[in-house]
Amino acid sequence: MTAAVIRKPLKEFWARYRLVILLIAVVSFLHYNTALHIYALHGIYRRLYYFPIILAAFRDGYRGGLIAALLVILFYLPHALGGVGFDPGSATEKNLEMVLYLAMGILTGILVDRINAARDSLARTAVDLRKALDEKERMEAELVRTARLAAVGRLSAGLAHEIRNPLASIQGAAEVLGDDFPPDHPKSGLLRILLQEARRLNEVLTRFLAFARSEPGETGRFDLAAEVRAVADLLEHGPAAPRLVVKTSPDEVTVIGNREQARQIILNLGLNAAQAAGPGGTVTLELAVRGAEAACIISDTGSGFSAEALENFGTPFYSTRQGGTGLGLATSLRLAENMGGRLEAAPGPGGRVVFTLPLADGNEE
């Protein structure tokens with residue numbers, strides 16, 4: 001055993017018990033140098049030994065109290081036996097005092113250990129309670145969101161019945177009327193507006209229906225990396241497309257889910273990112289393997305998510321884009337959850353959304 005190995009525990013012992021040792025040494029010094037005939041002072045010094053014992057017990061529990069009691073006996077015993085000075089007390093009194101040193105150290109240490117154990121237990125209970133409250137709040141928020149989504153689903157089904165057919169009639173009638181108004185006619189502009197607004201309303205209704213019908217599709221194994229590259233090709237050829245960066249490593253990542261729904265989610269997120277980044281910005285599609293799941297990370301150089309946007313992420317009818325309904329993101333969120341995955345937004349200087357799906361067997365890292 002090297003000297004360094006021996007010095008380390010001695011340094012730790014000195015750091016923890018130096019004040020206790022100093023008190024014991026001071027009391028012992030006074031005890032040793034007190035005249036024999038001053039009986040009262042010797043009795044006081046014997047009682048002063050209890051202070052370092054109690055201090056050590058509070059510092060280190062049962063172990064500290066016992067160590068301090070043994071140190072006190074070690075310092076006091078030569079004086080009690082007359083080896084260094086002499087305590088005029090009776091042998092019975094001195095022996096009983098040393099027994100009480102041990103009893104005080106052990107008893108105080110046990111009580112301190114119990115207090116510390118109770119305090120640790122209360123701290124763990126507080127942490128568990130905080131976790132339970134956080135989980136309760138999360139579940140309550142999830143229930144509210146689920147109820148909201150269900151209400152929107154029912155509303156969408158009603159809109160399909162009440163609006164789709166009359167809208168088709170309006171659009172058809174406007175197209176027929178267009179034959180009677182050539183482009184140079186004064187009313188042709190109004191007719192064009194009517195057709196544009198009818199088509200726009202039809203697109204909104206289509207998004208409603210897509211949200212209402214976002215039920216679990218047939219799941220199977222497919223290559224998520226291939227879907228990311230396919231969506232990247234679509235985004236790259238879009239009008240006023242930003243600069244596109246694709247990172248798929250490894251080149252093939254087999255996941256469990258619905259291929260068409262996964263592509264729909266990535267395309268929705270990619271289009272949102274492209275609109276946020278603008279023509280001069282950058283959109284990054286990155287694929288990574290994290291444990292037992294694959295993560296598709298869509299980020300852009302736009303303004304990012306505000307605190308309000310993060311709180312309302314995936315909420316129907318909440319959108320930061322003018323004219324947006326928020327149904328595309330809400331639909332994507334529901335589809336991801338139906339496939340056993342997740343869709344999460346992250347704060348940062350730009351927009352960042354992570355879409356995860358469970359890996360097929362044999363793909364875990």
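The values are calculated or read from the model by the stated rules, or taken from the named source; none is laboratory data. Note that this is a predicted model, so its numbers are computed, not measured. Cβ sites come from the backbone with ideal geometry, for glycine too, and all protein chains shown count toward neighbours.
Residues being of a type in the set (Lys, Arg), outside any strand (DSSP E or B) and in contact with a strand residue (DSSP E or B) (Cβ under 6 Å, 6 or more places away or on another chain): count how many of those fall in segment 244-263. The total comes to 1. Being under 24 Å from residue 57 (Cα atoms) and at pLDDT 90 or above is the requirement here; does residue 77 meet it? In short, no. Among the residues of segment 277-302, the one identified as over 27 Å from the mean Cα position of the chain (by Cα) and of a type in the set (A, V, I, L, M) is 277.
So for segment 34-51 (the condition being among the aliphatic types (A, V, I, L, M), in a helix (DSSP H, G or I) and either at pLDDT 90 or above or closer than 27 Å to residue 117 by Cβ (or both)), does at least one residue qualify? Within segment 34-51 (the criterion being among the aliphatic types (A, V, I, L, M), in a helix (DSSP H, G or I) and either at pLDDT 90 or above or closer than 27 Å to residue 117 by Cβ (or both)), the answer is yes, since at least one residue qualifies.
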